[in-house]
Amino acid sequence: MSAGQRLLIRGGRVIDPASGRDVVADLLVVDGVVAAVGQDAAAGGTGCEVIDAAGLWVLPGLIDLHVHLREPGYEYKETVLTGARAAAAGGFTAVACMPNTDPPNDGAAVTRAILRKAEEAALVRVYPIGCITAGQQGQRMAEFGDLVAAGCRAVSDDGRPVMHAGVMRRALEYSRHFDIPVISHCEDLHLAGDGVAHEGAVATRLGLKPIPAAAEEVMVAREVVLARQTGARVHIAHVSTRGSVSLLAAAKAEGLAVTAEATPHHLTLTDEAIAGFDTATKVNPPLRSEQDREALCRALAEGIIDAIATDHAPHGLADKDLEFDVAANGLVGLETALPLVLRLVTEGSCSLHRAIDALTWRPARILGVPGGRLAPGDPADVTLVDPKEAWTVDPEKFFSKGRNSPFRGWRLTGRVRATIVGGRIVFRDGVIVGGESRCA
Amino acid sequence: MTAWARKDLLGIEELEPEEILEILNTAGTMKEISTREIKKVPVLRGKTVVNLFFEASTRTRVSFEIAEKRLSADSVNVSASGSSVSKGETLLDTARNLEAMRPDIIVVRHGSPGTPHLLARRLACSVVNAGDGAHEHPTQALLDAFTIRERLGRIEGLTVGIFGDIAHSRVARSDIHALRKLGARVLVGGPPTMIPPGLEMLGARLVPRLEEMLPELDVLVVLRIQLERQGGTLFPSAREYATLFGLGRERLRLARPELLIMHPGPINRGLEIAPEVADGSSSLILDQVTNGVAVRMAVLYLLSGAHRGATVADTVRGAA
Amino acid sequence: MNAKAEILDETGVRRSLVRVAHEIIEKNQGLTDVVLVGLRSRGDHLARRLAAFLFEIEGTAVPVGVMDVTLYRDDLAHASLWPRVQRTEIPFSVEGRTVVLVDDVLFTGRSVRAALDSLMDFGRPRSIQLAVLVDRGHRELPIRADFVGKNVPTARRELVRVLLRETDGVDRVAIADGEAER
């Protein structure tokens, strides 16, 4: 947006939990920044693009703190460009991408390469997450200083756990120098073994090798203890069990700097979805039991789960069109996240404000990045949503390269009408938009 | 007309009791053919049946092969080590290549659960599950049910026990489904490390100790302990298993004298079952093998006829 | 059942079977090495009745077997519904013996052809003869019956319905219209 450019979003319901605001109002954007929100925001506005948002919700741009953009190395699954398009289509104005690329993002070079691609795409903000250990091997720490200087906002070995407690302890201590969160993929590989499904009645019935809830909980417990020991900021990725939720509740009650996220699929689906051996439901951590799902929903409502993150994991057809045992783990989530979260609100599992907060302000705070709020001075990252529009999920129409979604054919309510990043419309009415907004 | 309308046999879980009975009754007819001088009927003449075995198995494959030949079908064996599968061809590619040669039925055994379902969804020909990982082994359960019914006249109201490595056993799962659907009471037991959660959801009652189970049983199915799978992790040694959990003469004294013993084979003599018990008068083990051919003939016959009527969607929906 | 005409009533069925029994004895000059094989379904019941009459007349107990020809049929590929196959029970040797096949209705001759093929797999009979309750014509293969209860000329699309006490509670043979039965 060039200097002096103005954008007026008129008459929408502005839902901004961080500002404590939920009101029908106008939102004025000047030079890529929120200038005013209110009934008279349009005052003094000439030469302004106007978006009529009557009947729509005006939200802070959604922020996803856990996506896999697959570039460099797995460009056949997704690239920064296609991932950014998917994000924009899903209403996300910022995503944080995990480092399990090839080569892994354990140094400035890969970080800069990702940021360059994001800049070329010129769509949404991309925050790279660097590795905890060199090469994600779980032995030596990666150079956090290098990573942070190049632009990383957090470190994680996601995809893999850091099995060695001693290594994790040192990494947590070192992270304090940079005040970045360490995102932990909690999975004790010895307990998980060669399991592919949640250890429970469904896996027993299907004869699938089991992954016990303990595999996650043992490591969540460890990270809580290490957080207490080191005083570092620990963020637990993709929480999936009720045991993990209990551990997190106790950690927060104690005041430890432990945060957590859950995915829309873990909040919506259970292991029953696996019946029929549909590999679109194969994910790590696996879909769990109904009791686990309910505990996750309650935890989200109470704030024990701070944020919702998709763990968007695109795969090629050849990776998924295999026997369940050997199919790749993961499903795409950017383009279905918002309506799935709204579904939780509609069925009463969570309040609307908590849900929006979990998709905007909380992720921004955890990553330490601007955004997630629409107060004057905040970057104009805005998502416009039609809360009433119903649509059927068709992965063939996704902007992501990945088609691996277990929600194929689902009828969902709530559609992103426009995604605005820094005052620039990057997605509107089903179309990715390049270029600058026009002035009348 | 037969009660069978499915294109595939993927498992017992999705079958109705009438369908199971249809197979058992047809198997009774087929059994007679094996007693003739000329053990062949022309009904599947000109049909091609491919035995696609990714897991080594002589007995099941031979049983299917004999069944196919007795129905005059052309039987082709494809084993994982002998085909491009060992060179890393995907399962679906292997199957599609085979399908291009127009088989009528593919009998598949694979180490991964859900493999037959994957094939059934994609291939136009009929698919028979000869064992998919720890999930199901439908023809085994059918021949077990046939054997029990042949000897005792019924299945309804009987108490049948299944003992051993339940967690890894596709035979256990299929047996539980079949016996429950036909009205039997099913007890399962084994060492704690081999009992998976949620068996009650399948309709079986957990009685972990063999000693407690034996007095209640009409029939006992002893499961094979697979040393090559467990190694040292699920139980410490073969010796300890045989001592604590094996079915020997001593333990057998706790059972009713009329107890019948079954085993899916191959037997580990002296491990899960003592030789004198396996060869004793209570043992139905060899009857199981004989009946296996008859049951498989019945399955092949019924699938050949059903092919026209059922759709792929019916089969998959039933599996879900 | 929409019957057009009754061909045989209970008495008629009995008289036909008695006469056939006499003819079997006469043609074979006694019942030495004669066995009966009834074709399911209904031919098996008729075979047992014939054996009873043969015993009444000659005092000889003729062995009776039952055969299901489903697995030898030539028209399964065209069948829209797969037929249920029942047991074949021939608990005696056919080697060197005179086998009298027994069926209720002789029509195209294909069932008998299937029965012949099946019988050959059991051994080598000295000769095979055919006894039927009704011959309705319209042969499609060179097959003829040795013993016929009643010859009934029919139109091709007509149906011949045989009801027997053992299966249907009454003995009766009638002709019905083909279309009406649908």
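Some observations on this one:
- Theoretical FRET efficiency, 1/(1+(r/R0)^6), r = Cβ-Cβ of A:Ala165 and A:Ser246, R0 22 Å, to 0.05: 0.60
- Here the Karplus relation 6.51 cos²θ - 1.76 cosθ + 1.60, evaluated at θ = phi - 60°, turns the backbone of the range C:5-18 into coupling constants of 8, 8, 8, 9, 9, 4, 5, x, 4, 5, 4, 4, 5, 4 Hz, with x for every Gly and Pro.
- Each listed q (0.06, 0.08 Å⁻¹) maps to a log10 I(q)/I(0) for the protein assembly as shown from the Debye sum over equal C-alpha point scatterers, namely -0.58, -0.86.
- Between amide H atoms placed 1.01 Å from N, distances below 5 Å from A:Phe427 occur with A:Thr419, A:Val433, all of them 5 or more places distant or on a separate chain.
- Residue-wise HN-Hα couplings along the range A:416-423, as the Karplus relation 6.51 cos²θ - 1.76 cosθ + 1.60 with θ = phi - 60° gives them from phi, are 6, 8, 8, 10, 10, 10, x, x Hz; Gly and Pro carry x.
- Local electrostatic count at B:Met30 - Lys and Arg +1, Asp and Glu -1, tallied over other residues with Cβ under 10 Å: +3
- Within a Gaussian network of chain A (alpha carbon springs, distance under 10 Å), most fluctuating of A:Gly166, A:Gly61, A:Gly372: A:Gly166
- Taking other Cβ atoms within 10 Å as a rough exposure proxy, C:His78, A:His265 sort from fewest to most as C:His78, A:His265.
- DSSP loop trypsin sites (Lys or Arg not before Pro) with at most 16 other Cβ within 10 Å excluded, longest remaining stretch of chain A: A:177-407
- Environment charge at A:Glu254 (Cβ cut-off 15 Å; Lys +1, Arg +1, Asp -1, Glu -1): +2
- Ranking of B:Thr290, A:Thr204 by count of other Cβ atoms within 10 Å, fewest first: B:Thr290, A:Thr204
- Between 0 and 90°, nearest 10: helix B:170-181 axis offset from chain B longest Cα axis: 90 degrees
- Two-site label geometry, C:Ala79 and A:Asp102: point separation in nm, points 7 Å out along Cα→Cβ: 5.4 nm
- With both labels modelled 7 Å from their Cα along Cα-to-Cβ, the B:Leu254 to C:Arg15 distance reads 7.4 nm.
- Global geometry of the range C:1-81, whether rounded, prolate or oblate, following the gyration tensor of its Cα atoms and the 1.5 cut on a/c: oblate
- The angle separating the long axis of helix B:285-306 from the principal Cα axis of greatest extent in chain B is about 30 degrees.
- Each label point was placed 7 Å from the Cα along the Cα-to-Cβ direction; for A:Gln291 and C:Thr60 their separation is 7.8 nm.
- Percentage relative contact order, the range A:61-367, counting C-alpha pairs under 8 Å, at least six apart: 17 percent
- Cα gyration tensor shape of the range A:61-367, rounded if a/c is under 1.5, else prolate or oblate by comparing a/b with b/c: rounded
- Rounded, prolate or oblate (a/c below 1.5 giving rounded, otherwise prolate when a/b exceeds b/c) for chain C by Cα gyration tensor: oblate
- Per-residue ellipticity at 222 nm from helix content only, as computed over chain B with -39500 (n - 2.57) for each DSSP H run of at least four residues, stands at -11500 deg cm²/dmol.
- Every helix of 4 or more DSSP H residues in chain A counts as -39500 (n - 2.57), and over all residues that averages to -8500 deg cm²/dmol at 222 nm.
- Choice from B:Gln288, B:Gln140, B:Gln226 showing the highest fluctuation, given a GNM over chain B with Cα pairs closer than 10 Å: B:Gln226
- Amide H to amide H, with H built 1.01 Å from N, A:Ala260 comes under 5 Å of A:Ile236, A:Asp306, A:Ala307, counting only residues 5 or more places away or on other chains.
- With θ taken as phi - 60° and the Karplus curve 6.51 cos²θ - 1.76 cosθ + 1.60 applied, the whole-hertz 3J(HN,Hα) list for the range B:93-98 is 5, 4, 5, 5, 4, 5 Hz, x standing for glycine and proline.
- For A:274-285, mean number of other protein chain Cβ atoms within 10 Å: 3
- With K and R counted +1 and D and E -1, the other residues having a Cβ less than 12 Å from that of A:Tyr76 yield a net charge of -2.
- Out-of-range pairs (alpha-carbon distance over 27 Å; input A:Lys209/A:Lys320; A:Lys320/B:Lys47; B:Lys7/B:Lys40): A:Lys320/B:Lys47
- Each of B:Ile273, C:Ile175 was scored by other Cβ atoms within 10 Å of its Cβ. Arranged with the fewest first, they read C:Ile175, B:Ile273.
- Max mean-square fluctuation residue, GNM over chain B, Cα-Cα springs under 10 Å, options B:Gly153, B:Gly246, B:Gly131: B:Gly153
- The H on the amide N of A:Met141, modeled in the peptide plane, is under 5 Å from the matching H of A:Ala134, each at least 5 residues off or on a different chain.
Values quoted throughout were computed directly from the atomic coordinates according to the rules given, and no laboratory measurement underlies them. Keep in mind the model is a prediction, meaning the values are calculated, not measured. As a convention, Cβ positions derive from the backbone with ideal geometry for all residues, glycine included, and neighbour counts pool all protein chains shown.
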